[in-house]
Amino acid sequence: MAVAVLAAMLIHAIVTNPAIQWDVIRTYLFDSSITHGLVVTLELTALAMLIGVSGGTLLAIMRLSPNPVLSSTAWFYIWVFRGTPVLVQLLFWNFLGALWAKLSIGVPFGGYLGLSDGGAFWSQDTNKLIPLFVAALLGLGLNEAAYMAEIVRGGIQSVAVGQTEAAHALGMSQSATMRRIILPQAMRVIIPPTGNETISMLKTTSLVSAISLEELLRAGQNIYSRTFQTIPLLIVVSIWYLLMTSILTVVQYYIERHYARGANRVLPPTPLQRLRGLLGRRPKPANGESDVVPGLEGGGHL
């Protein structure tokens, strides 16, 4: 009861506080600058996680390889990218042109060999090759790959060694065993932290405002730097972040539930199933699912 009273007092204080300026929030909630920043944030999140998951899977396999060159290379990559702040990495990629004005492909050490143009077959200005969006994507994606490598490695190591031995006894190659036996079973362990990393990545994209890329937070900053309505614009940005993280949380729940099929006899109920159970309705269960909803009493059957 005390918690409910305190929650009600907090909601009342927020709703009735004139300094929040709810009219300003309504005005800018769907402003074109805000929606454009939202799209950039979603693009960065999706592409950075794509780089992180694919790169992390490759690094995890390299880390577990008996080849010392592959395992050492993966370890060094993870050490560097996990050991430095992501903001530093974003700034580094943004100012890469200060180190190398041009990036080229050609004969190794062509300049020392006296070849024309340093032996380069192709050359491009660094700042043109790596604009703001690409710099942000490299900073976020390559950093995420280091964390995903450890997540995937933990998932792979959670699968019993006997699974690998059985696959080899059936004549399956190392790559086929990894692709068809190990990784599918490891997904149950990999999915939950990967979902958390995705939600974290969504919020981490706000750091790219440091290199002047206009994502969601930067769009809000650009507006309140002109209007001086700081709090309302921060609330607008927060509303969009809360909405997106809520959607990702629901998606994560259903993906986890899907991969739990091989491990749990009774799947956890969906929010809709819980609601139907509380209302006493008993819809027909889906294939492979029990009609018993754990945690519900009385009308807990579906």
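Worth a mention:
- Subset of the range 25-40 [over 15 Å from GLN221 (Cβ atoms) and either at pLDDT below 95 or not aliphatic (A, V, I, L, M) (or both)]: ILE25, ARG26, THR27, LEU29, PHE30, SER32, THR35
- In this structure, GLU150 does not satisfy being among the acidic types (Asp, Glu) and within 30 Å of HIS36 (Cβ to Cβ).
- Test: residue in the range 6-23 that is open to solvent by less than 50 Å² (accessible area, probe 1.4 Å), under 18 Å from VAL152 (Cα atoms), assigned to a helix (DSSP H, G or I) and not small (Gly, Ala, Ser): no
- Test set (1) closer than 29 Å to LEU213 by Cβ; (2) among the charged types (D, E, K, R); (3) at pLDDT 85 or above - LYS102 fails condition number: (3)
- The range 71-87, residues that are within 10 Å of ASN143 (Cβ to Cβ), without any contact (Cβ under 8 Å) to a residue 60 or more places away in the chain and open to solvent by 60 Å² or more (accessible area, probe 1.4 Å): PRO85
- LEU42 being under 28 Å from the mean Cα position of the chain (by Cα) and either assigned to a helix (DSSP H, G or I) or at positive phi (or both): yes
- Residue ID - farthest from the chain's Cα centre (by Cα), chosen from residues in the range 121-145 that are small (Gly, Ala, Ser) and in a helix (DSSP H, G or I): ALA135
- Residues of the range 45-67 that are part of a helix (DSSP H, G or I), touching a Ser or Thr at 6+ places or on another chain (Cβ under 8 Å) and open to solvent by 20 Å² or more (accessible area, probe 1.4 Å): VAL53, MET62, ARG63.
- Filter result (open to solvent by 20 Å² or more (accessible area, probe 1.4 Å) and of a type in the set (Val, Ile, Thr)) within the range 33-44: THR35, VAL39
- Any hit, the range 225-242, residues being touching a residue at least 24 places away in the same chain (Cβ under 8 Å), open to solvent by 30 Å² or more (accessible area, probe 1.4 Å) and in a loop (DSSP other than H, G, I, E, B): yes
- Condition met for MET148 (in contact (Cβ under 8 Å) with a residue 40 or more places away in the chain, within 22 Å of the chain's Cα centre (by Cα), under 21 Å from GLY55 (Cβ atoms) and open to solvent by less than 40 Å² (accessible area, probe 1.4 Å)): yes
- From LEU217, LEU202, residue being closer than 17 Å to GLY52 by Cβ, open to solvent by less than 60 Å² (accessible area, probe 1.4 Å), modelled with pLDDT of 90 or more and in contact with a helix residue (DSSP H, G or I) (Cβ under 9 Å, 6 or more places away or on another chain): LEU202
- Failed item in (1) open to solvent by less than 60 Å² (accessible area, probe 1.4 Å); (2) farther than 15 Å from GLY37 by Cα, with SER209 passing the rest: (2)
- GLU165 being open to solvent by 20 Å² or more (accessible area, probe 1.4 Å) and at pLDDT below 90: yes
- Failed condition for ILE182, given (1) open to solvent by 20 Å² or more (accessible area, probe 1.4 Å); (2) over 18 Å from the mean Cα position of the chain (by Cα): (1)
The values are calculated or read from the model by the stated rules, or taken from the named source; none is laboratory data. Here the structure is a predicted model, which is why all the values come from computation and not from measurement. So basically every Cβ, Gly included, is an ideal-geometry build from the backbone, and we count neighbours across all protein chains shown. What goes into the accessible areas is simple: the full protein's heavy atoms, side chains included, and nothing from ligands, DNA or RNA. Shrake-Rupley method; radii C 1.70, N 1.55, O 1.52, S 1.80 Å.
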